[in-house]
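The values are calculated or read from the model by the stated rules, or taken from the named source; none is laboratory data. Fair warning: this is a prediction, and the values are worked out from it, not measured in the lab. Ideal geometry is used to build each Cβ from the backbone, glycine not excepted, and the neighbour counts take in all protein chains shown.
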Amino acid sequence: MLNYYHASIIVIFLLPALFGCASQQQDSEFKCKTTIERYMALRDNGPTKDYQALFVEQAEFNIPQLNINVSGSKAIANRQAIALKETQTMHILTHSSVKHLSNNEFEAESIFVLLQKSKQDNFDSKVIYNGRYNDLMVLHNDQCLFKRRTVHIIGKQEW
């Protein structure tokens, strides 16, 4: 029969393991949030090689409303490099949350505002998008990287 003494001993040995797991999970979630924040700065300003490093090699990037589906970190980075030449952008992150799914997988949702201006436009018109990122992220070599990023455009305004 388990008495108070035995239960106390069991709890003393289990607590560090339980809190260690929670702490490790929080650290991983922090790494994912850091990746999400870095995405914003690197997407707007580069360099492209650092932007590409945010994605696993076989990553997917999708914008369903624009019928954009890009596969592979290199192709995703090429799309960003072209965009850097053609547009000036500023991403603003208004909210993000990360949820642990399994050993090394995380699900994230972020709300953003994107200000975009064509570098070739003489009329200085701007487009403002607001939307949501839905991400599947994985821990790889102690970094949290995008495995799949889906962009949902909620609104678009031209100025």
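Odds and ends about this structure:
- In the stretch 49-92, residue farthest from the chain's Cα centre (by Cα) [restricted to those that are among the acidic types (Asp, Glu) and in a strand (DSSP E or B)]: Glu57
- Contact map, the stretch 113-140: first residue more than 28 Å from Glu60 (Cβ to Cβ), second residue surrounded by 14 or more Cβ atoms within 10 Å (Cβ to Cβ) and not hydroxyl-bearing (Ser, Thr, Tyr), Cβ cut-off under 6 Å, separation 6 or more or different chains; pairs are Lys126/Lys117.
- Within the stretch 133-142, the residues that satisfy the criterion of being closer than 20 Å to Ala75 by Cβ and out of contact with any helix residue (DSSP H, G or I) (no Cβ under 6 Å at 6 or more places or on another chain) are Tyr133, Asn134, Asp135, Leu136, Val138, His140.
- Filtered residues of the stretch 77-88 (kept if under 22 Å from Asn130 (Cβ atoms) and modelled with pLDDT of 95 or more): Arg79, Gln80
- Filter pass, Thr35 being assigned to a helix (DSSP H, G or I), of a type outside the set (Gly, Ala, Ser) and under 17 Å from the mean Cα position of the chain (by Cα): yes
- Among the residues of the stretch 32-73, those identified as more than 20 Å from Met90 (Cβ to Cβ) and acidic (Asp, Glu) are Glu57, Glu60.
- When we screen His140, His95 for residues that are under 13 Å from the mean Cα position of the chain (by Cα), modelled with pLDDT under 95 and surrounded by fewer than 17 Cβ atoms within 10 Å (Cβ to Cβ), the only hit is His95.
- Residues that are in a strand (DSSP E or B), among the basic types (Lys, Arg) and more than 14 Å from the chain's Cα centre (by Cα) occur in the stretch 113-128; there is at least one.
- Test: residue in the stretch 102-109 that is under 20 Å from Leu42 (Cα atoms), modelled with pLDDT under 95 and either in contact with a Lys or Arg (Cβ under 9 Å, 6 or more places away or on another chain) or not aromatic (Phe, Trp, Tyr) (or both): no
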